[in-house]
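Report on the structure given below.
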Amino acid sequence: MSYIDQQLMTGETVVYRARLNRVVYATAIAFLVFALVAWVAAVQWLAWSCLGIALIIGLVAHVKFVTSVFVVTGQRVLIKVGWIQRRSLETLLTKIEGIVVEQGLGGRLLGYGTIIVTGTGGTHERFDLIADPMQFRKHVQEQIASAQRTRAPAEALPAMRDERDCPYCAERILVKAKVCKHCGREVPSQVGA
């Protein structure tokens, strides 16, 4: 059972699930290319060093890729990044003020970016290298709008109180008042009240 499945509340369903972009493997691939170039150039020690570094970085990137998940449900946003050093965010949709998306040229071309989730308390949670961040933001905004539409209508406001001015202190009092709550004087009853 995955982390997200364990965290879902009764009746809560996943609407959208995103992952990190495969660009997390870029550094490992670069070292792999350096290893290949060193191998062709017959610099064996450099080739083996770059290959070893590529494998270590690739393994770390793979663990990060597999253990990071970004989920939108009908009630919350759940984000978990990491395995041994875990960082998670679970925020109710009603407590989200906004989601900022940052994408540079590389992010636009390769389909990744950074999202910053802003909560009602002013918190800013930043998550990098998410795949298709605009789609993630769209799903969060759709769920917030949907929750606002289906929310129960507000209770009816109480009927307006009939008030009048106190003839002695000019403060507002109820029409039926016999004593002014502000000046303490007895007020004549209003005709027709």
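Looking only at the range 1-21, filter to residues that are in contact (Cβ under 8 Å) with a residue 12 or more places away in the chain and of a type in the set (Gly, Ala, Ser); which one of those is nearest to Leu92 (Cα to Cα)?
Restricting to residues being in contact (Cβ under 8 Å) with a residue 12 or more places away in the chain and of a type in the set (Gly, Ala, Ser), the top hit is Ala18.
Is the range 26-38 home to any residue that is crowded, with 16+ Cβ neighbours inside 10 Å, modelled with pLDDT under 95, of a type outside the set (D, E, K, R) and touching a strand residue (DSSP E or B) at 6+ places or on another chain (Cβ under 9 Å)?
No.
Using the structure shown, decide if Ala54 is crowded, with 17+ Cβ neighbours inside 10 Å and of a type outside the set (Lys, Arg).
yes
So which residues in the range 73-82 are more than 9 Å from the chain's Cα centre (by Cα), within 17 Å of Val15 (Cβ to Cβ) and in a strand (DSSP E or B)?
Thr73, Lys80, listed by residue number.
Would you mind finding the one in Gly122, Gly111, Gly106, Gly82 that is modelled with pLDDT of 90 or more, exposed (fewer than 14 other Cβ atoms within 10 Å of the Cβ) and not assigned by TED's automatic domain parsing to the domain that holds Leu59?
Result: Gly106 is the single residue among Gly122, Gly111, Gly106, Gly82 that is modelled with pLDDT of 90 or more, exposed (fewer than 14 other Cβ atoms within 10 Å of the Cβ) and not assigned by TED's automatic domain parsing to the domain that holds Leu59.
For Ala61, which of the numbered conditions (1) outside any helix (DSSP H, G or I); (2) surrounded by 17 or more Cβ atoms within 10 Å (Cβ to Cβ) fails to hold?
(1)
Among the candidates Val37, Val43, Val33, Val24, single out the residue that is touching a residue at least 40 places away in the same chain (Cβ under 8 Å) and β-branched (Val, Ile, Thr).
After applying the criteria, what remains is Val24.
Any residue in the range 152-180 that is modelled with pLDDT under 85 sitting within a Cβ distance under 9 Å of a residue that is of a type outside the set (D, E, K, R) and in a loop (DSSP other than H, G, I, E, B)? List the pairs, counting only those 6 or more apart or interchain.
Pairs found: Arg161/Val175.
Where in the range 83-132 are there strands (runs of 3 or more DSSP E), lying fully within it, with 1 or more residues that are within 20 Å of Val60 (Cβ to Cβ)?
87-92, 112-119, 124-131
The values are calculated or read from the model by the stated rules, or taken from the named source; none is laboratory data. None of these values were measured; they are calculated from a predicted model. As a convention, Cβ positions derive from the backbone with ideal geometry for all residues, glycine included, and neighbour counts pool all protein chains shown.
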